[in-house]
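Below: the structure, in structure tokens.
The values are calculated or read from the model by the stated rules, or taken from the named source; none is laboratory data. All figures in this text were calculated on a predicted structure; none of them were measured in a lab. Backbone-built Cβ (ideal geometry, glycine too); neighbour counts: all protein chains shown.
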Amino acid sequence: MSVYSLKPKFQNLLRPVTCKLAHAGVTANQITISAALGSILVGLIAGFGFPMQRLFLLLPVWLFLRMAFNAIDGMLAREFGQKSALGAYYNELGDVVSDIALTLPFLAIPAFRAADIWLFAMAALLVECAGLIGPLAGASRRYDGPLGKSDRAVVIGALGLWIGAGLPVAPAASWLWLALVALSAITIVKRVANGVAEARG
């Protein structure tokens, strides 16, 4: 199971907005770049704004908007003839940049161990690499869970909401990051195994 499986329904809700943007001349690449820049800006505000913990409330709000941006840029590319090689690079690199930018603000939280957060950021990068290698191995781009991009967005958003609401964060909560790293490792294994099986099939 993965939040990614809900993407088609989410896209259907956003299709009318996507049509209006396309008719207004907005391009998929513009949406992709805006999503990445927005993630960097939100990450900087939340991270450097600490101890104003309420700024972490920006994370769940922005992550929802970012998911919408990602769905819209995909529909603009596929359904309005805007697919391009450059757009593919923007899309994949933008996702990685956004993931890192929205994870690192948690380094400002004293209850979390910095090493655990950096480990999770690296694990998230490897998860996406495992998905991207699929086409190189003769398989499709892999989106297997349990902790893909959309799932990470839900987790990071929930953590941002918790901290932004001023709820206590016990030192033991740092183990949460290790649990997320473990789920990321499972995701990597699944993506590799399923990709290999698909290529052989």
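Would you confirm, using the coordinates I've provided, whether LEU21 is buried (at least 19 other Cβ atoms within 10 Å of the Cβ) and at pLDDT 95 or above?
Against the criterion (buried (at least 19 other Cβ atoms within 10 Å of the Cβ) and at pLDDT 95 or above), LEU21 qualifies.
Can you tell which of PHE80, PHE56 is more than 21 Å from ALA130 (Cα to Cα) and in contact with a Pro (Cβ under 8 Å, 6 or more places away or on another chain)?
Unique residue meeting the criteria: PHE56.
Condition check ((1) buried (at least 17 other Cβ atoms within 10 Å of the Cβ); (2) modelled with pLDDT under 95; (3) in a helix (DSSP H, G or I)) across all residues:
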site	(1), (2), (3)
ASN91	yes, yes, yes
GLY166	no, yes, no
VAL189	no, no, yes
ALA199	no, no, yes
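What number of residues in the stretch 118-149 are touching a Phe, Trp or Tyr at 6+ places or on another chain (Cβ under 8 Å) and surrounded by fewer than 20 Cβ atoms within 10 Å (Cβ to Cβ)?
Of the residues in the stretch 118-149, 3 are touching a Phe, Trp or Tyr at 6+ places or on another chain (Cβ under 8 Å) and surrounded by fewer than 20 Cβ atoms within 10 Å (Cβ to Cβ).
For the stretch 113-142, give me the residue count where each residue is within 15 Å of the chain's Cα centre (by Cα) and in a loop (DSSP other than H, G, I, E, B).
1
Could you check the stretch 25-68 and list, in sequence order, the residues that are farther than 23 Å from GLY164 by Cα, in contact (Cβ under 8 Å) with a residue 12 or more places away in the chain, of a type outside the set (Gly, Ala, Ser) and in a helix (DSSP H, G or I)?
ASN29, ILE31, THR32, ILE33
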